[in-house]
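Before any comments, here is the structure.
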Amino acid sequence: MATNEPVYGLVLAGGRSKRMGQDKALLRVGGETQLSRAVHLLEPFVDQVFVSTRVDQQDEPERSKFRQIVDRYQELGPLAGILSAMEEHPDAGWLVLACDLPNVEKLTIRYLLDNRSSRHPFTAYKSSSDGLPEPLCAFYAAGAAAIVKPFADDGIICPRKILMRSDTHLLDQPNPEALDNINTPEDLARTGIKIAS
């Protein structure tokens, strides 16, 4: 894998938030939306940051504040955003971050980039709960679309399964709670984080 590739950030914000019952990207943590917080978190570490959106979201006011990459695929979940970004800018490596990680911080981002592998197409953290790859705070090297697309074509659209079945460099998390995500109101309640919509 190339080591002199530009590095772009991709904030995944194209989900439907069905389990949460409201748009997770627009939930506010500490005075800013989760989407805005994720973008600002990545900005110091990458050359450019893009927000992954569905076609029907691109005019939504919060998302329209940022550079967007609109999904080229439907019904692929987060893989639609990842694959669309890699195809739009094939010469870039991608630092992918889900917008629904309220505990993620600079240390986790910096450690991932500092320890990414130049010999592997993917670098990801091991889940603190099951040791499996965490694909939504991970680095996808330039050219990795050639690996991801055949999986999608075969109906394997779970990013975690793709990283599990690929040559992925795995890292221990410096902060085991950083990648706890919130998918439901119950998840939110467990975090103790006060979020306003």
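Details
- Simple rule: put +1 on each Lys or Arg Cβ and -1 on each Asp or Glu Cβ in the chain, find the dipole, and look at Val11, Ala141, Ala85; the Cα lying farthest toward the positive end is Val11.
- Region 60-147: relative contact order as a whole-number percent, Cα under 8 Å and 6+ apart: 30 percent
- Percent antiparallel among DSSP beta bridges (both partners in the chain, rounded to 5): 40 percent
- Anchor Lys161: aspartates and glutamates whose Cα lies under 12 Å away (excluding residues fewer than 8 positions away in-chain): Glu134
- Overall, region 28-148 carries a charge dipole of about 340 debye about its Cα centre when +1 sits on the Cβ of Lys and Arg and -1 on the Cβ of Asp and Glu, all other atoms neutral.
- Inter-probe distance in nm under a simple model that places probes 7 Å from Cα toward Cβ, at Glu105 and Glu32: 1.6 nm
- The chain, helix-only ellipticity at 222 nm - DSSP H runs n ≥ 4, -39,500 (n - 2.57), divided by all residues, nearest 500: -7000 deg cm²/dmol
- Of all accessible heavy-atom area on the chain, the percent that carbon and sulfur account for (1.4 Å): 47 percent
- Solvent-accessible area per residue for the chain (1.4 angstrom probe, square angstrom): 47 Å²
- Extension gain from Phe66 to Asn4, taking 0.36 nm per residue of separation minus the Cα-Cα distance: 19.8 nm
- Relative contact order of the chain, pairs being alpha-carbon contacts under 8 Å that are 6 or more residues apart, as %: 26 percent
The values are calculated or read from the model by the stated rules, or taken from the named source; none is laboratory data. Source: prediction; values computed, not measured. Heads up, the Cβs are rebuilt from the backbone with ideal geometry, glycines too, and the neighbour counts pull from every protein chain shown. What goes into the accessible areas is simple: the full protein's heavy atoms, side chains included, and nothing from ligands, DNA or RNA. Shrake-Rupley method; radii C 1.70, N 1.55, O 1.52, S 1.80 Å.
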